[in-house]
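Okay, structure first, notes after.
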Amino acid sequence: MRQLVYICCFCFFACQQTPKIQKQPSPQKEIQSKKEKFSFLDSLFTKNATYKATGFDFPVGKPNAKNYYNAQSFTENNHLGDDWNGISGGNTDLGDPIFAIGNGYVQFAEDIGGGWGKVIRIIHQYKGNYYESLYAHCDTISVKKGNFVSKGNQIGTIGNANGMYYAHLHLEIRDQIFMDIGSGYSQSTNGYIDPTLFIKSNRNESWQK
């Protein structure tokens, strides 16, 4: 009898400590979801063709990042973007304007707190492909999800993630547009593009699909 009680107690606690396995969406459902998202974007940019990107400029000191420098470039310290700082250092660029690097659709504009602070994410359709530009640590946001923006439009101001850093703009460019926010740092650059190289390689073009 005593052995039976021990066995029952062991099974009870073992079951309590076994983590529940969460069901993951099937690959087929994930593929279908992405197809639906791309279909939505295709329709969106077909109806609003003037907001297809025709070239890209820098997000600060437009159009050529005048009076700014790249303090931590892509892949430096496993960095997944560029950190744009004012040349005077410190918080001297706090509140400076941030500009959309190209025509596009605002898919996210919120304060998510933590090390990210206020974040803006813009989808660009360019030469038949989709890209995302992400602007982080903003002090203010002047666009909303669902807005269309043109290259050079002010979308917010440079911040410091509510005092976590000296003021700067963290800019990412992604060629996989449905990824999570991420961590900003990783040894893997899958889905990420060197922002400065991309912008310099795609300046002021008049190409339209």
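FYI, it's all coordinate maths here, none of it is from the lab. What you see is a predicted model, and the numbers here were worked out from it, not measured in a lab. Reconstructed Cβ throughout: ideal geometry from the backbone, glycine too, with neighbour counts over all protein chains shown.
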Environment charge at Gly86 (Cβ cut-off 11 Å; Lys +1, Arg +1, Asp -1, Glu -1): -1
For the Lys127, Tyr185 Cβ pair and Förster radius 25 Å, calculated FRET efficiency rounded to 0.05 is 0.30
Around Tyr69, with a cut-off of 14 angstrom between Cβ atoms, what is the net charge of the other residues, counting Lys and Arg +1 and Asp and Glu -1? -4
Sites Ala49 and Ser88 - FRET efficiency at Förster radius 45 Å, r taken between beta-carbons, to 0.05: 0.65
So how far apart, in nm, are the two label points at Ser150 and Asn77 if each is 7 Å from Cα heading toward Cβ? 3.8
Violations at 26 Å Cα threshold for listed pairs Lys62/Lys127; Lys37/Lys151; Lys66/Lys127; Lys151/Lys200; Lys118/Lys151 -> Lys66/Lys127
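Lys and Arg at +1, Asp and Glu at -1: add these up for the other residues within a Cβ distance under 12 Å of Gln107 and post the number. Provide the component values of the computation, followed by the final result.
Numbers: positive: Lys37, Arg121, Lys144, Lys145, Arg174; negative: Glu110, Glu132.
Charge balance in the 12 Å sphere: +3.
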